[in-house]
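In what follows, a structure is listed as structure tokens, so that the remarks can point back to it.
Rule-based calculations on the coordinates, nothing more; no lab input. The shown structure was predicted, so the numbers you read here are calculated from the model rather than taken from an experiment. Neighbour counts are summed over all protein chains in view; Cβ atoms, including those assigned to glycine, are modelled from backbone coordinates with ideal geometry.
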Amino acid sequence: VHNARNPNTQSLKIEGIKDIIAVASGKGGVGKSTTAVNLAVSLAKRCQLKVGLLDADIYGPSIPLMMQLKGKPELGNGDALTTFIFYRKMIPIESYGVKCISIGSLVDEREAIVWRGPMVMKALEQLTRGVDWGILDVLVIDMPPGTGDAQISISQRLQLSGGLIVSTPQDVALLDARRGVKMFSKVNVPILGILENMSYFKCPKCNESSYIFGQGGARKTAAEMGLKFLGEIPLEVEIRSGSDEGVPIVMSKPDSIISQAYGEVAEKV
Ligand code: ADP
């Protein structure tokens, strides 16, 4: 993915960052943050890239828990922007080789939930240009769920190289995923593809796979919309426990089929 593909003239350029990928979903609870975390760590470990992870989910920032970020980001020594103003940037907290910043470290979630686009952008500007990211190959953004005002503002203003849509297989979720695709298209952000999460459950006793939410839904939707299908991630206890314990599955079980699947997503994008 390359910035040059996004002709959006209003967007903010962040110096030192080559590409920005947004991980989005039409609705909450489908595994968007889980995907953002495992993708970012895979890009760092497997693809050996310099990676940042920005938690922009104002409705429920979960990166601090999932990446075990402790405390608040420290402030750097400051740059002299003009003779009079010294601007101290935040230093990202590094975890599993990924430089992380969460909106949760900056604001009270109960306040941020009612923000409209301009307020979100103000906070986002602090979280992007107000951070000493250094040189990054890729910044992964965990977007707020949905396709409203805040999401459109982010997609429009940050110079996104591409957007990845996460969806579960049910029709209702896929309907929302289509809205996510349309949102990115409207602001000229290339779609990297659709990743299906919670695709099936493999019984640990009999080894049989059950397609709890239906089979092949996201693959079909991707084909219908002419988009890349990025793969299937099963419903798996270790994904959930890894998130809750702050050890992403690609770290705890790097050789598992699931970690391979995340690795393939990282290579595809
Ligand atoms: P979102 O960011 O879309 O709101 P999260 O990534 O926070 O969703 O996931 C919601 C919950 O579902 C979390 O508890 C997470 O650990 C769990 N979860 C996500 N994907 C899976 C999966 N494939 N298998 C099991 N649990 C999952």
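Per residue of the chain, the DSSP helices (runs of n ≥ 4 H) give a summed -39500 (n - 2.57) that works out to -10000 deg cm²/dmol at 222 nm.
Over the alpha-carbon set of segment 93-158, divide Rg by the Kirkwood Rh and report the Rg/Rh ratio to two decimals. Don't skip to the answer; put the middle values down first.
Values: Rg = 12.4 Å, Rh = 12.9 Å.
That ratio equals 0.96.
Could you tell me what % of all Cα pairs in the chain have separations over 29 Å? Of the Cα pairs, 27 percent sit more than 29 Å apart. Cross-link pairs exceeding 18 Å between alpha carbons, from the set 72/99; 18/99; 27/228; 32/220; 18/50; 182/268: 27/228; 32/220; 182/268.
A Förster distance of 41 Å, applied to the separation of the beta-carbon atoms of residue 171 and residue 122, puts the FRET efficiency at 0.65.
Report note on the peptides 97-108, 247-258, 189-200: ranked by the mean count of other C-beta atoms within 10 Å, highest first, their order is 189-200, 97-108, 247-258. As a proxy for reagent exposure, ranking 220, 45 by other Cβ atoms within 10 Å from fewest up yields 220, 45. Taking Lys and Arg as +1 and Asp and Glu as -1, the other residues whose beta-carbon sits under 9 Å from that of residue 63 total -3. Using the Cβ of residue 201 as centre and a radius below 14 Å, the other residues enclosed give a net charge of -2, where K and R count +1 and D and E count -1. Each peptide in 17-24, 229-236 gets a packing score, the mean of other Cβ atoms within 10 Å over its residues, and the list from highest to lowest is 17-24, 229-236. Full extension of the segment from residue 110 to residue 179, taken as 0.36 nm per residue of separation minus the current Cα-Cα distance, would add 22.3 nm.
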